[in-house]
Each structure stands twice: as structure tokens, then as C-alpha cells.
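Peer 1: Quick one: the structure is below, and I'll ask about it shortly.
The values are calculated or read from the model by the stated rules, or taken from the named source; none is laboratory data. From a predicted model like this one, the values you see are computed outputs, not experimental measurements. Every residue, glycine among them, receives a Cβ derived from its backbone with ideal geometry; neighbour counts consider all protein chains shown. These accessible areas exclude ligands, DNA and RNA; they are computed on the full protein's heavy atoms, side chains included. Shrake-Rupley method; radii C 1.70, N 1.55, O 1.52, S 1.80 Å.
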Amino acid sequence: QVQLVESGGSLVQVGESLRLSCAASRSIFSGYTMGWYRQAPGKQREVVATIASGGNSYYADSVKGRFTISRDNAKNTIYLQMNSLKPADTAVYYCNTLPGSYPWGQGTQVTVSS
């Protein structure tokens, strides 16, 4: 059973940065498009950013220009660099394949305070 473990979330102020990491218990990243998702209180989980095995990336309009997704297949890890954080970015962040083929991890809480 693959386990996905997200980390790096924190309480930050508006405009600050965070870097999230997601590690898999075994090699699942190669060949898969991986994604970062988030779920804010009372809202559905949404796709934030994805990265294909070849490196092509996609970003939701709400984070475009502020967030950067990257991957290290050798380390079974993906990252999300988040800059210029806004209160609207407050959510629990998860990683998974696209469209979420593996059991969801616990996520990592990001709280942006104004």
C-alpha cells in the first residue's frame, strides 16, 4: 500500500512563502502526473498544480505566477513552492497522482493570516 506524506505547512503572514513536500513510501512518481490539491473548510478539494512525468506543469488560475511545482523522481518526492501567500490560500494541502489514484494522506495545514 502506497503512503503519501505531506509536510511543510505552517501558519504564515500574508506575502510570506512556504515550501511543501510530499514523499511516497515507494516509487510511484515515475510515469505519473502528480498533483498538489487543497481543501479549504466547507469547500471541495481542488487541484492546485500538476506536473507530468516529462516536467510539463499546470497551475490553477488562483495560484499561477505565485506557486511552483517540482518533482524529484529519484527521491519519490514532489514539492510546492508557494510565494506571496494570501488568506485565500488557507487550506489543507494534499498530494496524489492525477486524478487521485492512491489513498489520501493526512495533508499539511497552511494558514495565511492577515
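Peer 1: Would you tally the residues in the stretch 4-27 being part of a loop (DSSP other than H, G, I, E, B), closer than 14 Å to residue 97 by Cβ and in contact with a strand residue (DSSP E or B) (Cβ under 7 Å, 6 or more places away or on another chain)?
Peer 2: Going through the stretch 4-27 one residue at a time, the tally reaches 0.
Peer 1: What's the number of the only condition in (1) without any contact (Cβ under 8 Å) to a residue 24 or more places away in the chain; (2) assigned to a strand (DSSP E or B); (3) of a type in the set (S, T, N, Q) that residue 44 fails to meet?
Peer 2: The one condition residue 44 does not meet is (2).
Peer 1: What is the residue count in the stretch 17-55 for residues that are out of contact with any Ser or Thr (no Cβ under 6 Å at 6 or more places or on another chain) and more than 26 Å from residue 88 (Cβ to Cβ)?
Peer 2: Number of matching residues: 10.
Peer 1: Report yes if some residue within the stretch 94-108 is open to solvent by 60 Å² or more (accessible area, probe 1.4 Å) and closer than 19 Å to residue 18 by Cβ; otherwise report no.
Peer 2: There is at least one residue in the stretch 94-108 that is open to solvent by 60 Å² or more (accessible area, probe 1.4 Å) and closer than 19 Å to residue 18 by Cβ.
Peer 1: Which of (1) open to solvent by 50 Å² or more (accessible area, probe 1.4 Å); (2) modelled with pLDDT of 95 or more; (3) within 28 Å of residue 1 (Cα to Cα); (4) basic (Lys, Arg) is the odd one out, the single condition residue 38 does not satisfy?
Peer 2: (1)
Peer 1: With respect to residue 14, is the statement that it is touching a Ser or Thr at 6+ places or on another chain (Cβ under 9 Å) and open to solvent by less than 10 Å² (accessible area, probe 1.4 Å) true?
Peer 2: Working: touching a Ser or Thr at 6+ places or on another chain (Cβ under 9 Å): yes; open to solvent by less than 10 Å² (accessible area, probe 1.4 Å): no.
No.
Peer 1: Separate question: Looking at 20, 80 in this structure, which one is modelled with pLDDT of 90 or more, farther than 23 Å from residue 1 by Cα and crowded, with 16+ Cβ neighbours inside 10 Å? Even if it seems obvious, please write down each step before you answer.
Peer 2: Values: 20 fails: farther than 23 Å from residue 1 by Cα.
Matching residue, one of 20, 80: 80.
Peer 1: Can you tell me which residues in the stretch 60-77 are open to solvent by 40 Å² or more (accessible area, probe 1.4 Å) and within 13 Å of the chain's Cα centre (by Cα)? Step through it out loud before you land on a result.
Peer 2: We begin by selecting, within the stretch 60-77, every residue open to solvent by 40 Å² or more (accessible area, probe 1.4 Å); these are 61-62, 64-65, 68, 70-75.
68, 70, 71 - these are the residues of the stretch 60-77 that are open to solvent by 40 Å² or more (accessible area, probe 1.4 Å) and within 13 Å of the chain's Cα centre (by Cα).
Peer 1: For residue 74, all conditions in the list (1) within 18 Å of residue 112 (Cβ to Cβ); (2) in a helix (DSSP H, G or I) hold save one; what is the number of the exception?
Peer 2: (1)
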